[in-house]
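Below is one structure, written out as structure tokens; the observations come after it.
Values in this text are rule-based calculations from the coordinates and carry no lab data. If you're wondering where the values come from, they're calculated on a predicted model, not measured in any experiment. Reconstructed Cβ throughout: ideal geometry from the backbone, glycine too, with neighbour counts over all protein chains shown.
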Amino acid sequence: MTTMKDHLQHGGEAARSDALSKIRGNVVAMAMESELSSRAVQEALKVANRQTQTDLSLELTGHIAEVALSLHGNHVLQRVIEVLPATKTHFIAEELMARAKEVAHNVFGCRIFCRLLEQSSTLAATQELITKVMKDAEELVQHQFGRFVAQAILEHGCDSQRRSLAHALRHRIMDMAQHRNASHVIEKALIYCAPTERRALAIDLLQQGSTEESGIELLARTQYGGFVVKALLNLGNDIEIEARRQLMDLSQRCADLKASKETRFVERLLKELSYLPDDEEKLPMAETRRGVRGRRGS
């Protein structure tokens, strides 16, 4: 297979034609068989003319979900989406409809959703597929691989899809912001959603606290919530002002917090944002004090 790929990359017209003839009729098998055979098909799709690209791609018809879930096959399907005009990739989205959730939640399959959103987000078939997978948006954003699809929707999808995701995130906003996967989606939402949705998300987060604990403190107590705090600071205006006010209050009360794993996350975030001196800054003062005590004892 290495020779076949070399012929496609560097061979003359005759060598390239011979390699393409061996791939024709075998695209599905070669896509999933091995890394070498998959790379050969990917190269064929890259160097072939438009008609041959289309012919090779259509061989995947009836096997789209299977190829999407394949360790090696998903790379071939990604290449198909990259090389074909967006209007010619509708058969991929249409065939994924029957297994949309399964593919979107798969380590390899989620990549296909991301490529479709990047290349053909306005295509009717892609929008229909995304609408289907977003029927359980809360599950999608919390899933280990589904969250990559949600992030791609926020970056490349349409406004109505962004609004739907923002609504799902606001349903349990603090739980989402502290979640290992959903927190990344909130970060993207605070960048790509419309200003009204970004503001609503931010206000929800900042107002989640109580007289004892601010919204920022609740976020700072978890590893993933800390990333959301940083995203809030990038919004500027009154949102940033309120977030920084809560951070300042938290830094002044930090010494009174009961030592715990959560406290370590709080201290780490405050140091990163320069609301507390880090350990290296404290070291010279501590050494100076030890030196003074040493001289007094001599």
Rank the residues VAL185, VAL27, VAL41 as a footprinting-exposure proxy: fewest other Cβ atoms within 10 Å of their Cβ go first.
VAL27, VAL185, VAL41
Top positive-direction residue, dipole computed over the chain with Cβ charges, set HIS63, VAL103, LEU273:
LEU273
Taking a ≥ b ≥ c as the square roots of the eigenvalues of the Cα gyration tensor, with a/c under 1.5 meaning rounded and otherwise prolate when a/b exceeds b/c and oblate if not, the range 31-86 is oblate
May I ask for the angle, rounded to the nearest 10°, between helix 109-120 and the longest principal axis of the chain, with both axes built from Cα atoms and the value confined to 0 to 90°?
80
How far apart, in nm, are two points set 7 Å out from the Cα along the Cα-to-Cβ line at SER274 and at GLU94?
5.7
For the range 51-65, what does the Karplus curve 6.51 cos²θ - 1.76 cosθ + 1.60, with θ = phi - 60°, yield as ³J(HN,Hα) per residue in whole Hz, taken in order and with x for Gly and Pro?
5, 5, 4, 5, 4, 5, 5, 5, 5, 7, 3, x, 10, 4, 5
Over the chain, what is the mean sequence separation of C-alpha contacts under 8 Å (at least six apart), divided by residue count, expressed as relative contact order in percent?
9
Over what distance in Å are the Cα centres of the range 183-203 and the range 49-90 separated?
34
GluC sites (Glu not before Pro) within the range 179-246, DSSP loop, no more than 13 other Cβ atoms inside 10 Å:
GLU212
Dipole size in debye (nearest 20) for the chain around its Cα centre, Lys and Arg Cβ +1, Asp and Glu Cβ -1?
800
Protection-proxy order for peptides 173-184, 155-166, each taking the mean of Cβ atoms within 10 Å per residue, highest first
173-184, 155-166
Taking LYS22, LYS188 and counting other C-beta atoms within 10 Å, the order from fewest to most
LYS22, LYS188
How big is the gap, in Å, between the Cα center of the range 225-278 and the Cα center of the range 114-181?
28
Global form of the range 22-125, assessed from the alpha-carbon gyration tensor, a/c cut-off 1.5:
oblate
Taking the chain, the equivalent ellipsoid from its C-alpha gyration tensor has semi-axes in Å, biggest first, of 50, 26, 14
Let me have the 222 nm mean residue ellipticity of the chain computed from DSSP H runs of 4+ only, each contributing -39500 (n - 2.57), with the sum over all residues rounded to the nearest 500.
-22000 deg cm²/dmol
